[in-house]
Amino acid sequence: MKQYDYLIVGAGLFAAVFANEAKKHGKRCLVVEKRDHIGGNIYCEDIEGITVHKYGAHIFHTSNRKVWNYVNQFCEFNNFINSPVCNYKGDIFNLPFNMNTFSKMFSISKPDEAKEIIERQKQEITDTPENLEEQAISLVGREIYEKLIKGYTEKQWGRDCKDLPAFIIKRLPVRYTYDNNYFDDRYQGIPVNGYNEMIEKMFDGIEVRTGIDFFDNKEELLALAEKCLFTGMIDEFFDFKLGKLNYRSLKFETEVLNESNYQGVAVMNFSERNIPYTRIIEHKHFAFGTQKKTVITKEYPKEWQEGDEPYYPVNDERNNALYKQYEELAKAEKNIIFGGRLGLYKYYDMDKCIEAALNICDKEF
Ligand code: FAD
Ligand code: UDP
């Protein structure tokens, strides 16, 4: 019998759910994580008494009661509702696209007036939308597409909107009411004591070794356990033998400012193409902070290169087709389970990531 039942590669959210469930079922797990901390991209840092989302703004939202109950075992959530704004040439528009956005953009006040303008503008799309540009125009018309979507999206993904899948923009609600809640979900919030508390409780009692890259000792590590859960990059697992999948990375530039309220909102997007960052996060507003100073982070998107963190899978046609081929290789690996945003190459939010992990646990234990 081997020393562990499971070797878990990565200490992000997917791994945390799996490890926690495995422990409940009496399984012995070893977790290896290449960063110097647990939590993956939901990890936070304390700066000037402010909880800083080190890898970008994370707002928990779900309509799945099972997932909501699941996370509430580990921490209490505040009542934060994400209501970001979009800055276009100094003018501020509410998001997601709703009556506040339409009234400012079109100088109207009634839903019927907004509908009439958008219906007229979207007539240029006659067939089923096949890419992000067509999808965006058919949802909100050309003017909003040009001012609030095109520049932001091309910075975020480094690709023309015509070459991106439609589903990316369908993530955002479009409403003919004055409702600035970015999400349609039933449950929403940020852990009162930060995500670290949640993730620490999930890994409680489980052996975790940080600062260890699985690929530095792949065979030795695999030999320690009966099975492996791998939540790193699936193409890297197979030594990129079918070719490289694309990922988008980000550079975060964080500053402490000697003022209490820099932008008056947690998330401000910048949709102009010539502003190099996509958004500025002012972290204290996630927790209604009243500190004297404030911490802001600018988010600069970039194409992933070796050494960068791979934050987003690029689910366009080429990459999805290549992923399918890697998935075939993965199926042949009987003792390896692939999970998470990188292992499954899916643009998962936290709730979907937890749901997917719980489904795998149901089959496994
Ligand atoms: P990760 O968090 O990426 O964890 C994988 C872990 O594996 C990492 O810690 C990594 O270091 C480790 N690893 C990789 N390779 C190796 C290796 N070779 N050896 C050892 N360790 C390895 N979701 C929401 O619900 N709401 C939001 O507001 C939201 N905002 C987001 C903003 C940004 C900028 C990003 C990038 C994501 C956002 N998400 C949001 C999504 C959320 O971050 C993910 O759903 C979730 O964190 C995925 O967890 P994971 O375990 O799959 O991946
Ligand atoms: N988007 C946009 N303008 C905005 C905000 C979002 O065009 O001001 C588009 C962009 O293509 C982005 C997608 O909507 O990739 C999804 O936005 P979301 O905020 O869900 O992205 P995430 O938080 O996952 O980066």
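Here, each number is a calculation from the coordinates, and none is a lab measurement. Everything numeric in this text was worked out from a predicted model, so none of it was measured. Positions of Cβ are backbone-derived with ideal geometry, glycine not excepted, and every protein chain shown enters the neighbour counts.
Here are a few things to note about the model shown:
- Note on the chain: with a GNM built from Cα contacts shorter than 10 Å, the maximum mean-square fluctuation among E133, E226, E282 falls on E226.
- For segment 295-358, size of Cβ-based charge dipole, Lys and Arg +1, Asp and Glu -1, in debye: 140
- Value of relative contact order over the chain, rounded to a whole percent, pairs C-alpha under 8 Å and six or more apart: 26
- Result for the chain in a Gaussian network model with C-alpha springs under 10 Å: among T126, T231, T297, the largest mean-square fluctuation is at T126.
- Extension gain, K241 to E119: 0.36 nm times the residue separation minus the Cα-Cα distance gives 39.1 nm.
- Approximate spin-label separation N181-R209, in nm, with each point projected 7 Å along Cα-to-Cβ: 4.6
- From helices alone, the chain scores -9000 deg cm²/dmol at 222 nm; the rule is -39500 (n - 2.57) for each run of n ≥ 4 DSSP H residues, then divide by the residue total.
- Spin-label model, K201 to N64: label points 7 Å out along the Cα-to-beta-carbon direction sit 1.9 nm apart.
- Within the listed set F238, F60, F214, the residue fluctuating most in the Gaussian network model of the chain (springs between alpha-carbon atoms under 10 angstrom) is F238.
- If you plug the beta carbon distance of D216 and A321 into 1/(1 + (r/R0)^6) with R0 = 30 Å, you get a FRET efficiency near 0.45.
- Under 5 Å from the amide H of F80 lie the amide H atoms of I190, each residue being 5 or more positions distant or on a separate chain, with H modelled from the backbone and absent for Pro and chain starts.
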